[in-house]
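Below is one structure, written out as structure tokens, with a few remarks after it.
Each value in this text was obtained by applying a stated rule to the coordinates, not by laboratory testing. Keep in mind the model is a prediction, meaning the values are calculated, not measured.
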Ligand SMILES: C[S@@+](CC[C@H](N)C(=O)[O-])C[C@H]1O[C@@H](n2cnc3c(N)ncnc32)[C@H](O)[C@@H]1O
């Protein structure tokens, strides 16, 4: 997510929402500024911007971890850079799941060792 005056908002302990969920950290800003130093993650749900323009996001995930990319079209025709990144990538083993009659999600397991 983008936003926040200083680019980062931490709501932990600052309101009733996150105090009920102590292991949640809410950040606002460009993910590139905040997530690499918190990596690696076991799960990455990529819902921000164009995944095909962010191949470095794959390296946020620990080997054996899972990447979820939703909102793809099942009947997409022609080149699809998002599917190419996920399915033609030696770092990933991916499967496509029909989530509704008109939407698809891709689940991809990060293979190999860190930095592979
Ligand atoms: C498809 S929308 C997701 C909306 C979200 N699921 C929601 O319900 O609010 C993509 C969002 O990613 C944000 N975004 C795009 N590039 C980003 C980046 N590099 N870092 C963080 N957020 C980004 C956009 O501003 C937009 O809000």
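Observations
- At full extension, residue 59 and residue 77 could sit 3.6 nm farther apart than now, given 0.36 nm per residue minus the alpha carbon distance.
- Secondary structure note: in segment 35-110, about 70% of the DSSP beta bridges are antiparallel.
- Taking 0.36 nm per residue of sequence separation and removing the Cα-Cα distance, the residue 45/residue 103 pair yields an extension gain of 19.3 nm.
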